[in-house]
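Following: one structure in C-alpha coordinates, then a few remarks.
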Amino acid sequence: MKDLKLSGHKADKKRTVIEVGGLHIGRDLVVIAGPCAVESEEQLVKTAVAVKEAGATMLRGGAFKPRTSPYAFQGLGLKGLKILDKARKETGLPIVTEVIDTRDVSWVGEYADVLQIGARNMQNFSLLREAGKSGKAVLLKRGMYSTLEEWLNCAEYILAEGNPNVILCERGIRSFETYTRNTLDLSIIPAVKAISHLPVFADPSHGTGVLDLVEPMSLAAIAAGADGLEIEVHIDPQSALSDKDQQLSPAAFSVLMKKIHKIRKMVMELDEA
Ligand code: PEP
Ligand code: MN
(Lines give C-alpha, C1' and ligand atoms only; values in the text may rest on other atoms or scores of the structure.)
(Ligands and ions follow the chains in the order given, each with its own letter.)
Protein backbone atom coordinates (compact mmCIF):
# COMPACT_ATOMS: atom_id res chain seq x y z
CA MET A 1 0.00 0.00 0.00
CA LYS A 2 1.40 3.34 -0.96
CA ASP A 3 1.36 6.72 0.77
CA LEU A 4 0.77 5.39 4.28
CA LYS A 5 3.45 7.83 5.40
CA LEU A 6 2.25 8.14 8.97
CA SER A 7 -0.03 5.14 9.54
CA GLY A 8 2.31 2.52 8.05
CA HIS A 9 4.96 0.74 10.09
CA LYS A 10 8.08 2.68 10.94
CA ALA A 11 11.50 1.10 10.49
CA ASP A 12 11.67 0.03 14.15
CA LYS A 13 8.19 -1.62 13.96
CA LYS A 14 7.25 -0.04 17.29
CA ARG A 15 3.53 0.07 18.02
CA THR A 16 1.78 3.27 19.03
CA VAL A 17 0.62 3.52 22.64
CA ILE A 18 -1.96 6.25 23.36
CA GLU A 19 -2.42 7.57 26.88
CA VAL A 20 -5.95 8.50 27.84
CA GLY A 21 -7.00 9.03 31.45
CA GLY A 22 -4.22 6.84 32.80
CA LEU A 23 -4.88 4.03 30.29
CA HIS A 24 -2.28 2.91 27.77
CA ILE A 25 -4.24 2.08 24.64
CA GLY A 26 -2.28 -0.31 22.46
CA ARG A 27 -0.45 -1.80 25.44
CA ASP A 28 -3.07 -2.64 28.05
CA LEU A 29 -6.33 -4.30 27.11
CA VAL A 30 -9.04 -1.63 26.96
CA VAL A 31 -12.75 -2.43 27.03
CA ILE A 32 -15.11 0.42 26.12
CA ALA A 33 -18.63 -0.35 27.28
CA GLY A 34 -21.88 1.52 27.60
CA PRO A 35 -25.15 2.13 25.84
CA CYS A 36 -25.65 2.84 22.17
CA ALA A 37 -27.12 6.23 23.11
CA VAL A 38 -27.31 8.41 26.19
CA GLU A 39 -31.03 8.42 26.97
CA SER A 40 -31.27 9.85 30.49
CA GLU A 41 -29.08 10.52 33.48
CA GLU A 42 -30.45 7.53 35.32
CA GLN A 43 -29.94 5.15 32.37
CA LEU A 44 -26.38 6.31 31.69
CA VAL A 45 -25.12 6.60 35.25
CA LYS A 46 -26.58 3.23 36.27
CA THR A 47 -25.04 1.60 33.19
CA ALA A 48 -21.70 3.32 33.84
CA VAL A 49 -21.53 2.12 37.43
CA ALA A 50 -22.43 -1.43 36.32
CA VAL A 51 -19.85 -1.64 33.51
CA LYS A 52 -17.15 -0.21 35.76
CA GLU A 53 -18.00 -2.80 38.40
CA ALA A 54 -17.69 -5.52 35.74
CA GLY A 55 -14.24 -4.27 34.67
CA ALA A 56 -14.81 -1.93 31.72
CA THR A 57 -12.06 0.69 31.42
CA MET A 58 -13.87 3.30 29.30
CA LEU A 59 -17.47 4.43 28.97
CA ARG A 60 -19.26 4.87 25.65
CA GLY A 61 -22.57 6.55 24.84
CA GLY A 62 -23.76 8.48 21.82
CA ALA A 63 -25.09 12.00 22.27
CA PHE A 64 -25.29 12.43 18.49
CA LYS A 65 -26.67 9.36 16.74
CA PRO A 66 -26.26 8.83 12.99
CA ARG A 67 -29.59 7.08 12.29
CA THR A 68 -30.80 5.51 9.08
CA SER A 69 -34.11 7.34 9.44
CA PRO A 70 -34.33 11.07 10.16
CA TYR A 71 -37.41 10.30 12.29
CA ALA A 72 -35.54 7.94 14.65
CA PHE A 73 -34.06 9.11 17.99
CA GLN A 74 -31.13 11.36 17.14
CA GLY A 75 -29.55 11.62 20.59
CA LEU A 76 -29.69 14.22 23.37
CA GLY A 77 -26.87 16.43 22.05
CA LEU A 78 -25.38 18.80 24.63
CA LYS A 79 -27.63 17.41 27.36
CA GLY A 80 -26.20 13.94 26.61
CA LEU A 81 -22.63 15.24 26.85
CA LYS A 82 -23.37 16.77 30.25
CA ILE A 83 -24.76 13.44 31.44
CA LEU A 84 -21.60 11.69 30.18
CA ASP A 85 -19.54 14.19 32.16
CA LYS A 86 -21.53 13.36 35.27
CA ALA A 87 -20.98 9.63 34.75
CA ARG A 88 -17.25 10.23 34.29
CA LYS A 89 -17.12 12.13 37.60
CA GLU A 90 -19.04 9.35 39.31
CA THR A 91 -17.02 6.41 37.95
CA GLY A 92 -13.68 7.85 36.83
CA LEU A 93 -14.16 6.16 33.43
CA PRO A 94 -12.91 8.17 30.43
CA ILE A 95 -15.61 8.96 27.86
CA VAL A 96 -15.82 7.85 24.22
CA THR A 97 -18.53 9.63 22.25
CA GLU A 98 -19.29 10.16 18.58
CA VAL A 99 -19.01 13.42 16.69
CA ILE A 100 -20.87 13.62 13.39
CA ASP A 101 -20.45 17.24 12.30
CA THR A 102 -17.32 19.33 11.69
CA ARG A 103 -18.98 22.27 13.48
CA ASP A 104 -19.22 20.25 16.70
CA VAL A 105 -15.70 18.84 16.96
CA SER A 106 -14.20 21.53 19.20
CA TRP A 107 -16.99 21.71 21.76
CA VAL A 108 -17.72 17.97 21.82
CA GLY A 109 -13.98 17.62 22.45
CA GLU A 110 -14.43 19.59 25.67
CA TYR A 111 -16.54 16.69 27.02
CA ALA A 112 -15.01 13.65 25.31
CA ASP A 113 -11.76 11.92 26.19
CA VAL A 114 -11.93 10.07 22.87
CA LEU A 115 -13.85 11.32 19.82
CA GLN A 116 -15.50 8.55 17.85
CA ILE A 117 -15.86 8.88 14.11
CA GLY A 118 -18.49 6.41 13.00
CA ALA A 119 -18.59 4.04 10.07
CA ARG A 120 -20.89 6.33 8.08
CA ASN A 121 -18.43 9.19 8.43
CA MET A 122 -15.18 7.30 7.92
CA GLN A 123 -14.53 9.11 4.65
CA ASN A 124 -15.87 12.50 5.76
CA PHE A 125 -12.54 14.14 5.05
CA SER A 126 -13.35 17.52 6.56
CA LEU A 127 -14.51 15.81 9.77
CA LEU A 128 -11.27 13.80 9.83
CA ARG A 129 -9.23 16.97 9.43
CA GLU A 130 -11.12 18.73 12.24
CA ALA A 131 -10.65 15.72 14.51
CA GLY A 132 -6.98 15.80 13.62
CA LYS A 133 -6.72 19.47 14.57
CA SER A 134 -8.50 18.85 17.90
CA GLY A 135 -5.53 16.84 19.16
CA LYS A 136 -7.99 14.51 20.93
CA ALA A 137 -7.63 10.74 20.68
CA VAL A 138 -9.86 9.53 17.85
CA LEU A 139 -11.57 6.14 17.55
CA LEU A 140 -11.94 5.70 13.80
CA LYS A 141 -14.47 3.06 12.87
CA ARG A 142 -14.14 1.18 9.59
CA GLY A 143 -16.66 2.17 6.98
CA MET A 144 -19.07 -0.60 6.12
CA TYR A 145 -17.92 -0.66 2.48
CA SER A 146 -14.28 0.23 3.02
CA THR A 147 -11.09 -1.58 2.24
CA LEU A 148 -8.13 -1.64 4.59
CA GLU A 149 -6.30 0.76 2.29
CA GLU A 150 -9.18 3.26 2.35
CA TRP A 151 -9.46 2.97 6.13
CA LEU A 152 -5.77 3.56 6.73
CA ASN A 153 -5.84 6.53 4.36
CA CYS A 154 -8.59 8.02 6.55
CA ALA A 155 -6.36 7.55 9.60
CA GLU A 156 -3.71 9.31 7.54
CA TYR A 157 -5.95 12.43 7.27
CA ILE A 158 -6.06 12.68 11.08
CA LEU A 159 -2.36 11.92 11.54
CA ALA A 160 -1.38 14.46 8.88
CA GLU A 161 -2.91 17.23 11.03
CA GLY A 162 -0.29 16.44 13.67
CA ASN A 163 -2.53 14.25 15.85
CA PRO A 164 -0.83 10.89 16.45
CA ASN A 165 -3.65 9.52 18.64
CA VAL A 166 -5.67 7.33 16.29
CA ILE A 167 -7.32 4.06 17.30
CA LEU A 168 -8.85 1.92 14.55
CA CYS A 169 -12.04 -0.05 15.19
CA GLU A 170 -13.38 -2.87 13.02
CA ARG A 171 -17.19 -2.86 13.24
CA GLY A 172 -18.26 -5.20 10.47
CA ILE A 173 -18.68 -4.78 6.75
CA ARG A 174 -21.67 -5.34 4.48
CA SER A 175 -21.83 -8.76 2.87
CA PHE A 176 -24.60 -10.89 1.31
CA GLU A 177 -25.33 -12.40 4.73
CA THR A 178 -28.55 -11.20 6.31
CA TYR A 179 -28.61 -13.26 9.52
CA THR A 180 -26.06 -10.90 11.04
CA ARG A 181 -26.34 -7.12 10.85
CA ASN A 182 -22.80 -6.91 9.42
CA THR A 183 -19.99 -9.37 8.83
CA LEU A 184 -17.33 -8.81 11.47
CA ASP A 185 -14.06 -9.07 9.56
CA LEU A 186 -11.66 -10.39 12.15
CA SER A 187 -8.97 -11.10 9.59
CA ILE A 188 -8.51 -7.34 9.37
CA ILE A 189 -7.12 -7.25 12.93
CA PRO A 190 -3.87 -9.13 12.17
CA ALA A 191 -3.86 -7.44 8.74
CA VAL A 192 -3.81 -3.99 10.38
CA LYS A 193 -1.02 -5.14 12.66
CA ALA A 194 1.04 -6.33 9.69
CA ILE A 195 0.84 -2.93 8.01
CA SER A 196 0.28 -0.30 10.71
CA HIS A 197 1.53 0.64 14.17
CA LEU A 198 -1.87 1.97 15.25
CA PRO A 199 -3.93 0.23 17.94
CA VAL A 200 -6.88 -1.75 16.57
CA PHE A 201 -10.15 -2.57 18.33
CA ALA A 202 -13.21 -4.62 17.42
CA ASP A 203 -16.88 -3.79 17.96
CA PRO A 204 -18.78 -7.10 18.07
CA SER A 205 -22.06 -5.33 18.90
CA HIS A 206 -22.48 -3.50 15.59
CA GLY A 207 -20.30 -6.17 13.95
CA THR A 208 -22.94 -8.85 14.48
CA GLY A 209 -26.09 -7.10 15.72
CA VAL A 210 -27.00 -10.42 17.36
CA LEU A 211 -26.91 -10.64 21.14
CA ASP A 212 -25.74 -14.27 21.32
CA LEU A 213 -22.85 -13.57 18.96
CA VAL A 214 -21.37 -10.70 20.98
CA GLU A 215 -19.59 -12.97 23.45
CA PRO A 216 -17.98 -15.45 21.02
CA MET A 217 -16.90 -12.67 18.66
CA SER A 218 -15.45 -10.61 21.52
CA LEU A 219 -13.33 -13.57 22.52
CA ALA A 220 -12.37 -14.30 18.92
CA ALA A 221 -11.31 -10.66 18.41
CA ILE A 222 -9.00 -10.83 21.42
CA ALA A 223 -7.61 -14.14 20.13
CA ALA A 224 -6.97 -12.41 16.78
CA GLY A 225 -4.89 -9.78 18.57
CA ALA A 226 -7.31 -6.88 19.09
CA ASP A 227 -6.00 -4.23 21.50
CA GLY A 228 -9.48 -3.61 22.84
CA LEU A 229 -13.20 -3.95 22.35
CA GLU A 230 -16.16 -1.62 22.13
CA ILE A 231 -19.28 -3.32 23.47
CA GLU A 232 -22.82 -1.97 23.87
CA VAL A 233 -24.31 -2.49 27.33
CA HIS A 234 -27.63 -1.10 28.57
CA ILE A 235 -29.09 -1.19 32.06
CA ASP A 236 -32.41 -2.34 30.52
CA PRO A 237 -31.76 -3.40 26.91
CA GLN A 238 -35.40 -3.99 26.00
CA SER A 239 -36.25 -0.35 26.73
CA ALA A 240 -33.34 1.05 24.65
CA LEU A 241 -34.17 3.82 22.17
CA SER A 242 -31.64 2.48 19.63
CA ASP A 243 -30.00 -0.89 18.92
CA LYS A 244 -32.03 -2.69 21.56
CA ASP A 245 -31.43 -6.15 20.13
CA GLN A 246 -27.64 -6.04 20.42
CA GLN A 247 -27.05 -4.45 23.84
CA LEU A 248 -25.89 -6.73 26.63
CA SER A 249 -27.32 -6.58 30.13
CA PRO A 250 -24.78 -5.69 32.84
CA ALA A 251 -25.01 -9.30 34.08
CA ALA A 252 -24.11 -10.76 30.67
CA PHE A 253 -21.32 -8.19 30.27
CA SER A 254 -19.89 -9.16 33.65
CA VAL A 255 -19.73 -12.83 32.61
CA LEU A 256 -18.11 -11.80 29.32
CA MET A 257 -15.46 -9.64 31.03
CA LYS A 258 -14.22 -12.63 33.03
CA LYS A 259 -13.82 -14.65 29.82
CA ILE A 260 -12.14 -11.72 28.05
CA HIS A 261 -9.48 -11.53 30.77
CA LYS A 262 -8.87 -15.28 30.53
CA ILE A 263 -8.42 -15.27 26.78
CA ARG A 264 -6.24 -12.14 26.86
CA LYS A 265 -3.95 -13.87 29.39
CA MET A 266 -3.66 -16.90 27.07
CA VAL A 267 -2.85 -14.65 24.08
CA MET A 268 -0.11 -12.87 26.07
CA GLU A 269 1.36 -16.22 27.14
CA LEU A 270 1.37 -17.50 23.57
CA ASP A 271 3.04 -14.29 22.36
CA GLU A 272 5.78 -14.69 24.95
CA ALA A 273 6.34 -18.39 24.20
C1 PEP B 1 -21.84 3.47 17.38
O2 PEP B 1 -20.82 2.92 17.82
O3 PEP B 1 -22.63 4.07 18.10
C4 PEP B 1 -22.13 3.42 15.94
C5 PEP B 1 -23.10 4.14 15.39
O6 PEP B 1 -21.35 2.57 15.29
P7 PEP B 1 -20.98 2.50 13.72
O8 PEP B 1 -20.54 3.87 13.32
O9 PEP B 1 -19.87 1.49 13.70
O10 PEP B 1 -22.22 2.03 13.03
MN1 MN C 1 -25.44 1.35 18.44
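Using a simple spin-label model with pseudo-atoms 7 Å out from Cα toward Cβ, residue 79 and residue 223 lie 4.4 nm apart. Under a model in which nothing but the beta-carbon of Lys, Arg (+1) and Asp, Glu (-1) is charged, segment 18-272 shows a dipole of about 280 debye around its Cα centre.
Solvent-accessible area per residue for segment 18-272 at a 1.4 Å probe radius, Å²? Please report the intermediate quantities before stating the final value.
Numbers: 10400 Å² over 255 residues.
About 41 Å² of surface per residue is accessible.
Within the shell of other residues whose beta carbon sits under 14 angstrom from the beta carbon of residue 55, the net charge comes to +4, with Lys and Arg scored +1 and Asp and Glu -1.
Close amide-amide hydrogen proximity is noted between residue 60 and 33, 34, 96, each under 5 Å apart and 5 or more residues distant or on a separate chain (H modeled in the peptide plane; Pro and chain starts excluded). Here the chain carries DSSP beta bridges of which approximately 15% are antiparallel, counting only pairs with both residues inside. Here's how it looks for residue 185: its modeled amide H is under 5 Å from those of 172, 173, which are all 5 or more places away or on a different chain.
Across segment 37-52, coupling constants 3J(HN,Hα) worked out from phi with the 6.51/-1.76/1.60 Karplus curve, θ = phi - 60°, read 10, 6, 10, 6, 4, 4, 4, 6, 5, 4, 5, 4, 4, 5, 6, 5 Hz, and Gly and Pro carry x. Could you run the Karplus curve 6.51 cos²θ - 1.76 cosθ + 1.60 with θ = phi - 60° over segment 167-175 and give me ³J(HN,Hα) per residue in whole Hz, x for Gly and Pro? Karplus values, whole Hz, x for Gly and Pro: 10, 8, 9, 6, 10, x, 10, 6, 9. Once divided by 2.2 N^0.38 Å, the Cα radius of gyration of the chain becomes 0.92. Ordered from largest to smallest accessible area (heavy atoms of protein chains, 1.4 Å probe), the residues 58, 266 come out as 266, 58. Here the Karplus curve 6.51 cos²θ - 1.76 cosθ + 1.60, taken at θ = phi - 60°, turns the phi angles of segment 233-239 into couplings of 9, 10, 4, 8, x, 5, 9 Hz, with x standing for Gly and Pro. Taking the accessible area of the chain, probe 1.4 Å, and keeping the other protein chains in place, the carbon and sulfur fraction comes to 54%. Peptide packing for 46-52, 80-86 was compared via the average number of neighbouring C-beta atoms within 10 Å per residue; ordered from the highest value, the list is 46-52, 80-86. Take each peptide in 181-191, 89-99, count the other Cβ atoms within 10 Å of every residue, and average; sorted highest first, the result is 89-99, 181-191. In the chain, a dipole from Cβ-located charges (positive for Lys and Arg, negative for Asp and Glu) runs towards its positive end, and of 226, 206, 173 it is 226 whose Cα lies farthest in that direction.
Grab every C-alpha pair in segment 142-273, bin the distances at 5 angstrom width from 0 up to the longest one, and report whole percents. The calculated distribution, bin by bin, is 2, 10, 19, 21, 19, 14, 11, 4, 1, 0.
The values are calculated or read from the model by the stated rules, or taken from the named source; none is laboratory data. Everything numeric in this text was worked out from a predicted model, so none of it was measured. Every residue, glycine as well, gets a Cβ built from its backbone with ideal geometry; the counts of neighbours run over all protein chains shown. Please note that ligands, DNA and RNA were not included when accessible areas were found on the heavy atoms of the full protein model with its side chains. Shrake-Rupley method; radii C 1.70, N 1.55, O 1.52, S 1.80 Å.
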